[in-house]
Amino acid sequence: MNILESAILEYGEAIDDQVIKVDAFINQQVDPVLMDQFAEAIVAHFKQHKITKVLTIEASGIAPALLCALKLKVPMVFLKKQKPSTLKDVYSAEVFSFTKQKNYTLMLDQQYLNESDQVLFVDDFLANGAACKGAIAIIQQAHAKLSGIAILIEKSFQDGRALLEEQGYEVYSLARIQKLEKGNITFLTGK
Ligand code: G4P
């Protein structure tokens with residue numbers, strides 16, 4: 001069992017068979033020491049790639065992405081979900097969130113990603129992969145290259161990984177949840 005799986009068992013809570021609550025160290029309160037260790041594992045995994053930017057989505061992806069970027073000594077860029085008045089030339093992608101049952105638009109100022117970038121996408125959760133698909137659409141609009149996808153918690157009983165692997169992307173998840181039941185969390189073995 002790795003450090004994230006241990007933390008999930010200690011501080012996480014299966015709300016039902018679909019959703020796990022990890023507010024205690026990822027989604028509301030952030031444990032910087034744990035997050036630093038998660039970032040260390042991600043950066044070690046992608047060390048052969050010449051990453052130039054770490055990309056994520058606000059809000060909860062920012063903490064792990066920033067620590068990865070710090071270790072790689074490259075900028076961290078986050079996609080916004082609301083358009084600030086100062087944003088002019090943007091890349092954008094529509095996303096439907098299954099968890100929240102609503103559409104939102106991901107946006108990025110065009111000056112922060114371009115064709116010379118090798119991108120590592122980092123996020124806290126992978127469920128159905130809709131958010132990740134939106135991020136990939138933006139990477140493509142910028143003509144940048146996606147080197148890989150790093151996820152803290154993958155819900156392997158949902159379709160995200162299969163969808164991304166079908167498109168040829170490498171998905172590296174620190175914890176893969178096979179099954180959630182109220183009060184019980186089962187991990188997939190042999191990651
Ligand atoms: P998908 O992108 O993989 O298809 O997932 P989905 O749209 O269903 O997820 C929408 C939001 O819900 C995302 O956060 C995602 O990280 C989060 N999420 C999905 N499943 C779980 C879960 O089991 N537990 C928790 N805690 N979160 C989950 P978001 O809306 O972007 O929120 P935030 O980054 O602002 O916190």
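The values are calculated or read from the model by the stated rules, or taken from the named source; none is laboratory data. Remember, it's a predicted structure, so these values are computed and weren't measured experimentally. The accessibility values were calculated without ligands, DNA or RNA, using every heavy atom of the protein model including side chains. Shrake-Rupley method; radii C 1.70, N 1.55, O 1.52, S 1.80 Å.
When the chain is treated as a GNM with alpha-carbon contacts under 10 Å, the residue of E115, E166, E40 showing the greatest mean-square fluctuation is E166. Taking each DSSP H run with n ≥ 4 as -39500 (n - 2.57) and averaging over every residue of the chain yields -8500 deg cm²/dmol at 222 nm. Accessible surface for T105 stands near 40 Å², nearest 10, in the context of the full protein assembly shown (1.4 Å probe). Taking amide H as placed 1.01 Å from N in the peptide plane, the amide H of A14 sits under 5 Å from that of K21, G183, N184, each at least 5 places away or on another chain.
Cross-link partners for K50 among the lysines, with Cα-Cα distance under 21 Å and sequence neighbours closer than 8 places in the same chain left out: K71, K73, K145. Per atom type, the stretch 49-161 shows carbon and sulfur on 51% of its accessible surface, probed at 1.4 Å.
Computed with every protein chain present, the accessible area of M1 is close to 150 Å² [probe 1.4 Å]. Taken over the Cα atoms of the chain, the convex hull encloses 116 Å³ per residue. Helix screen, the chain: DSSP H segments with Cα axial length of 18 Å or more and mean Kyte-Doolittle hydropathy at least -1.0 are 32-45. The string of couplings for the stretch 103-115 from the Karplus curve (6.51, -1.76, 1.60, θ = phi - 60°) is 8, 8, 10, 8, 9, 9, 4, 4, 6, 9, 8, 8, 5 Hz, one whole number per residue in order, with x for Gly and Pro. Averaged per residue, the chain has 51 square angstrom of accessible surface, using a 1.4 angstrom probe with ligands and nucleic acids left out.
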